[in-house]
Amino acid sequence: MSINYSSKINKIRTFALSLIFIGFGLMYVGIMVKTTEWLMVIFFILGLLSIVFSTVVYFWIGMLSTRAVQIVCPSCHQPTKMLGRVDACMHCKQPLTMDKNLEGKEFDEKYNSKEFRNETKHKS
Ligand SMILES: [Zn+2]
């Protein structure tokens with residue numbers, strides 16, 4: 001089983017970009033069905049909504065980026081941003097961790113969850 005893990009910020013960015021394409025796609029469908037007025041209106045509203053939503057997501061990325069920790073990737077020596085306890089390098093997808101206890105362990109998204117954080121707190 002291979003995990004294709006990519007940086008969280010990159011993931012959200014891809015999501016926001018695809019929302020824009022979906023939005024334009026929906027509007028395009030709206031133009032194609034313009035003979036049915038109510039259907040065209042629905043497609044246009046849906047298209048507008050997804051474009052508006054993607055700008056919200058872009059804004060959210062901006063907020064996240066300010067909270068992200070900037071580090072230099074040990075693997076490709078390029079500056080990258082980290083979110084949470086574990087994240088992947090933006091350039092080479094090298095898994096990174098902020099927690100010394102997790103170093104060398106198998107990469108797992110669950111290290112970012114609240115339950116895991118509490119679990120380690122109780123142990124130590
Ligand atoms: Zn890297």
query: Would segment 53-69 turn up any residue that is over 16 Å from the mean Cα position of the chain (by Cα) and surrounded by 12 or more Cβ atoms within 10 Å (Cβ to Cβ)?
result: no
statement: Considering segment 38-52, residues that are more than 20 Å from Ile12 (Cα to Cα) and touching a Leu at 6+ places or on another chain (Cβ under 7 Å), and then whichever is nearest to the ligand (Cβ to nearest atom), we arrive at Leu46
field: Exclusive hit being of a type outside the set (Asp, Glu) and either in a helix (DSSP H, G or I) or within 16 Å of the ligand (Cβ to nearest atom) (or both), set Thr55, Thr35
entry: Thr55
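The numbers here are math on the coordinates, done by the rules we state, and not lab data. Bear in mind the structure is a predicted one, so any value in this text is a computation, not a measurement. When we count neighbours, we look across all protein chains shown, and the Cβ atoms used for this are built from the backbone with ideal geometry, even at glycine.
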